[in-house]
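**Student:** Quick one: the structure is below, questions incoming.
The values are calculated or read from the model by the stated rules, or taken from the named source; none is laboratory data. In this text, all values refer to a predicted model and were calculated from it rather than measured experimentally. Here the Cβ positions follow ideal geometry from the backbone for every residue, glycine too, while neighbour counts run over all protein chains shown.
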Amino acid sequence: MTGLLEALFNGLSLSSILILAALGLGVTFGVMRVINMAHGEMMMLGAYLGYVCTNPYGLSVFVSGLASLARETAKIFGIHWEPSWQTSIELHWNLYLVLPVVFVVVGLAGYILEKGLIRFLYGRPLDTLLATWGVGLILQQVIQLIFSGNPKGVGIPENLTGQWTYADSRFPYYRLFIIAFTILCLVLVYVGFFYTSLGLKIRAVTQNRPMASAMGIPTSQVDGLTFAFGTGLAGVAGCILGGMYNVGPNMGQDFIVEAFMVVILGGMGQLKGVVAGGLMVGVSRGIAEKFYANALIPNLFPKYIEEVFSPIARITVLALVIGFIMVRPSGLVRTKERVYD
Amino acid sequence: MTEPANKKDGANHSTRSPALALPFLGNVKVKPGVLVAGFSVVLLLAIPQLFPPGIDAKSKQNWLDLFAKFMAMGILALSVDLVWGYTGLLSLGQGVFFGIGAYMIAYCLTLHKAAQDARPKMTEGEPTTVVLHYQGNFPSPKTVFINDGKYRIDSIQFRVLKASTPGLTAVLTKLPAASLDPDTAEQIHNDTLDLTGPVGKVQPMVLKGEIAEEKILRRLEEEGDRLYLEVTGNGDRGEGEFTVVLIPEIEEYMRPGEVPPQFMQYTGFAPNDPNYVPPPGLALIAPLGNAGVAVAASLILPALIAGLFGGVIFRLGVKGVYFALVTQAFLMVVFLAVRNQQRFTGGVVGIKDMSSLELFGQSFDSAENVRATVYLVAAALVGSYFICALLIRSKFGRILSAIQDNENRVLALGYTTALYKTAVFAFAGLLAGLAGALYVLANHPVCDTVYLSVPFSIEAVIWVAIGGRGNLFGAVLGALLVGFGQYYVSSALPEFWPIALGLLFIATVLFLPRGLTPVAGPGALLGLLLGVFLVIYLEKYNLFDAVDQYLGVGRRGRVFVGCPIILLSVFIPKGLTMLFKALMRFSPGRAMPTGSVSPVPGS
């Protein structure tokens, strides 16, 4: 019973991260019809930004990494250039402070991506997939060159390091924080979408672009801001994830497939769909992990349970999701639309 | 669900290439596509002959390897093109079928390798007795037994028939066939034999064999090993009888499928150990020990899985973006499963220990017989190309194009589109499986989870996008172009290749939405092959080294000279044609009516 409670809790915290990642994707994919394969890399950028801001040596690692990147790039063109960029500034910020910064900075990266690439590709969803995959490749490699593939971590505040024990179940504070933060984000997104003028404009543009344009809404501005909003959320998700898992150049790749599955499972373009999908995937994965660990080898390899059963649980849940989508392609929350081509 | 991309995608393949009248063939009209295709076939088959004379063997083998690999990738590109370019179904999971084909062949080859490396299994036959009789003054030493098989001496008994003079002793020795010098013979029993009566006494001999070295003495392994009986001393030797009990040792060579391959050998394999339990995966893959079964499995299994998967997914109406992402998730599931189940798949390390494939009495190997492999892959590529070409020109192919343009109308006309989509998806699965099987052969047999990773399948899609979707030639062109480009960039600047590839993705989507082929004309593949050979010749005559020396740091000659040659060579035929046309137009006195001779259509 205690195990079940813990499994539910772990599943819930995994759901929270998936919801955060899928929320941004739900906006760009569900609303704008852009398959942003670089979404995972936006998470990765957020995580690295979190590392740079929270780790005392983060900034100096970043600056010297930039110098070595510049040196290597110059070398290709036969230029001998030894930039001696260095800094001793220790940022060492608190995670609470870093999260808004990550949202703004990664959102800005998303805005640039939209203005520089994606706006040329509207109406060609499969092409956006390929182009953004290319962007993802470049980002991964640039980060790899700057930070060298060594795993990094986002520093979490002192008061989030402990855990709360209740009836033999452990609830790490950080996971509790993730759940709370996700709920906060959901409320903010809800309020932003339905009670602000920008939200109104976004909804207007996505429902009927020509009509919104005719009403004087600057659609291309709205597109850019919507995309920036989605990627900003991804950055925040990545930054939070970095407090729990290793931060590496390929960390986004691990999440992107599942995040897409969550969006499709929930139903396109629906806030509550993303929440439902994320909860379903995350919680069922937590329970599946527990189930496999209990049913197959109880107490035999307690130390390895996480490593051994986590992939099997992941496979099971992904396969179930695929099965569900095959049976019901419109997802959990059906959007009413009348389209015939 | 509206899919505006589809409408744009389906524009190219409906344009018919005009027939070309060849000057010497009278009224016979040949389509330029067929002409170029035929020429490329000849060139592909002639590749091993085209290398510069005097090129060193290692570098030639390296290039042939690359040709074989990239041509296998070309088959994968054909399969992607068939489902994406012609039917409008972007499959991001072709790697699943490629991987299945690759793993089937890899299982077969690693089973063969394991069987070759395994020690033969020993079984003991029924004991046979050799009775050696002696009497009187035979010359000593005397050969009492010459080995004719493999035996283990179980026991020797001596029976006195007529007592000898006291003081005589007998020694039984073994002499290996390799050196028949009696001085090197070694005694095989511990005690010396007392030949004095009483008559009828049966005396067992205590054989050596307590320690490992001595156990060898008790074996008659080589044909011609001899047992010697030596009686020393003077006097009457009497009469006696040796009864040697020999247990034949039958060596059984392990057949593929009986020995667990290297990646499964965590249990420790000993063929002669009665307590040996084969690993659980062995029974599963044992039938693949037969090369024919493995080849069939690498083709049929992917087709079957693709057919089942497609059958369900198309019947339920999943299409467009959903299809792409669901296939990707499917790929992810397979990838995670294969990486997780190390006992059955080799896990992250994969399968590395393989022998060469024996098929039709010919061995296909990337190390020793690379030429045969190149021909095999080239033949498979050309065969697949023509089958695909026939397929898309048939009624079936027209329906596929119609599905891409507007599926609902095709449905309204009474065609079960799901069935057509399933069929083409299954066939594409078969092609991908073939590509995987060939790639493993060409890739110094190595098979791991890279083929099942998400990036690999997306790369396969980008080959087609670069070469030109909805164009079989373009698919092959894209695979070869990216392959050689990657080889060239990453041999000089490995860490910058992903960035170059990313830029290529973006540039293709932005600037060449229909790919290279419509721009470069149908001769592009020919041009690429020319470019590659140009680079090979330049390398042979050390031009790159000269550039490197001139420029100073690093191996940039390859990047600044080699890469542009390879990347721009696709435009050579088109450029030559345009030059030819321009010359014709401006040559005085010979007014050619423009348009009558146009080797390159579709420009």
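**Student:** Is there a residue being more than 14 Å from chain A (Cβ to nearest Cβ) and touching a residue at least 24 places away in the same chain (Cβ under 8 Å) anywhere in segment B:325-334?
**Tutor:** Among the residues of segment B:325-334, not one is more than 14 Å from chain A (Cβ to nearest Cβ) and touching a residue at least 24 places away in the same chain (Cβ under 8 Å), which makes the answer no.
**Student:** For segment A:201-252, give me each residue that is part of a loop (DSSP other than H, G, I, E, B) and of a type in the set (Gly, Ala, Ser).
**Tutor:** Within segment A:201-252, A:Gly216, A:Gly243, A:Gly248 meet the criteria.
**Student:** Can you name the residue in segment B:335-344 that is within 25 Å of A:Met326 (Cβ to Cβ) and in contact (Cβ under 8 Å) with a residue 40 or more places away in the chain and is also surrounded by the fewest Cβ atoms within 10 Å (Cβ to Cβ) among such residues?
**Tutor:** Applying the filter and picking the extreme gives B:Arg339.
**Student:** For segment B:404-414, check the following and say yes or no: at least one residue is in the same structural domain as B:Asp353 (by TED's automatic domain parsing), closer than 15 Å to B:Asp81 by Cα and part of a helix (DSSP H, G or I).
**Tutor:** The answer is yes, given that some residue of segment B:404-414 is in the same structural domain as B:Asp353 (by TED's automatic domain parsing), closer than 15 Å to B:Asp81 by Cα and part of a helix (DSSP H, G or I).
**Student:** Is segment A:198-219 home to any residue that is surrounded by fewer than 17 Cβ atoms within 10 Å (Cβ to Cβ), farther than 23 Å from A:Val101 by Cβ and in contact (Cβ under 8 Å) with a residue 60 or more places away in the chain?
**Tutor:** No; the residues of segment A:198-219 include none that is surrounded by fewer than 17 Cβ atoms within 10 Å (Cβ to Cβ), farther than 23 Å from A:Val101 by Cβ and in contact (Cβ under 8 Å) with a residue 60 or more places away in the chain.
**Student:** In segment A:62-76, which residue that is without any contact (Cβ under 8 Å) to a residue 60 or more places away in the chain and within 15 Å of A:Ile89 (Cα to Cα) is nearest to the other protein chains (Cβ to nearest Cβ)?
**Tutor:** Per the criteria, the residue is A:Ser64.
**Student:** Tell me, which residue of segment B:404-425 that is under 20 Å from B:Gly93 (Cβ atoms) and aromatic (Phe, Trp, Tyr) is surrounded by the fewest Cβ atoms within 10 Å (Cβ to Cβ)?
**Tutor:** Applying the filter and picking the extreme gives B:Tyr420.
**Student:** If a residue must be touching a Phe, Trp or Tyr at 6+ places or on another chain (Cβ under 9 Å) and β-branched (Val, Ile, Thr), how many such residues does segment A:232-269 contain?
**Tutor:** Result for segment A:232-269: 5.
**Student:** Restricting to segment B:502-540, and then to whatever is of a type in the set (Val, Ile, Thr) and within 11 Å of chain A (Cβ to nearest Cβ), can you tell me which residue is nearest to B:Ser569 (Cα to Cα)?
**Tutor:** B:Thr508
**Student:** Out of the residues in segment A:143-156 meeting the condition of being surrounded by fewer than 20 Cβ atoms within 10 Å (Cβ to Cβ) and in a helix (DSSP H, G or I), tell me which one is nearest to the other protein chains (Cβ to nearest Cβ).
**Tutor:** So the residue we want is A:Gln144.
**Student:** Here's another thing I want to ask about it. Scanning for something of a type in the set (Phe, Trp, Tyr), within 20 Å of B:Val96 (Cα to Cα) and buried (at least 20 other Cβ atoms within 10 Å of the Cβ), does segment B:479-496 turn up at least one residue?
**Tutor:** no
**Student:** In this structure, is B:Ala475 within 14 Å of another protein chain (Cβ to nearest Cβ), aliphatic (A, V, I, L, M) and within 23 Å of the chain's Cα centre (by Cα)?
**Tutor:** No; evaluated as a whole, the condition is false for this residue.
**Student:** Kindly provide the set of residues from segment A:116-129 that are within 15 Å of B:Leu325 (Cβ to Cβ), buried (at least 22 other Cβ atoms within 10 Å of the Cβ) and either out of contact with any Leu (no Cβ under 7 Å at 6 or more places or on another chain) or more than 7 Å from chain B (Cβ to nearest Cβ) (or both), ordered by number.
**Tutor:** The answer is A:Thr128, A:Leu129.
**Student:** Okay, next question. Could you grab the pairs with beta carbons closer than 6 Å, sequence gap of 6+ or different chains, first residue in segment A:42-53 and farther than 19 Å from A:Asp254 by Cα, second one assigned to a helix (DSSP H, G or I) and of a type in the set (Phe, Trp, Tyr)?
**Tutor:** Every condition considered, the pairs that remain are A:Val52/A:Phe62.
**Student:** Residue check: is B:Thr232 under 30 Å from B:Lys162 (Cβ atoms), surrounded by fewer than 21 Cβ atoms within 10 Å (Cβ to Cβ) and at pLDDT 75 or above?
**Tutor:** Considered against the rule, which asks whether it is under 30 Å from B:Lys162 (Cβ atoms), surrounded by fewer than 21 Cβ atoms within 10 Å (Cβ to Cβ) and at pLDDT 75 or above, B:Thr232 comes out as no.
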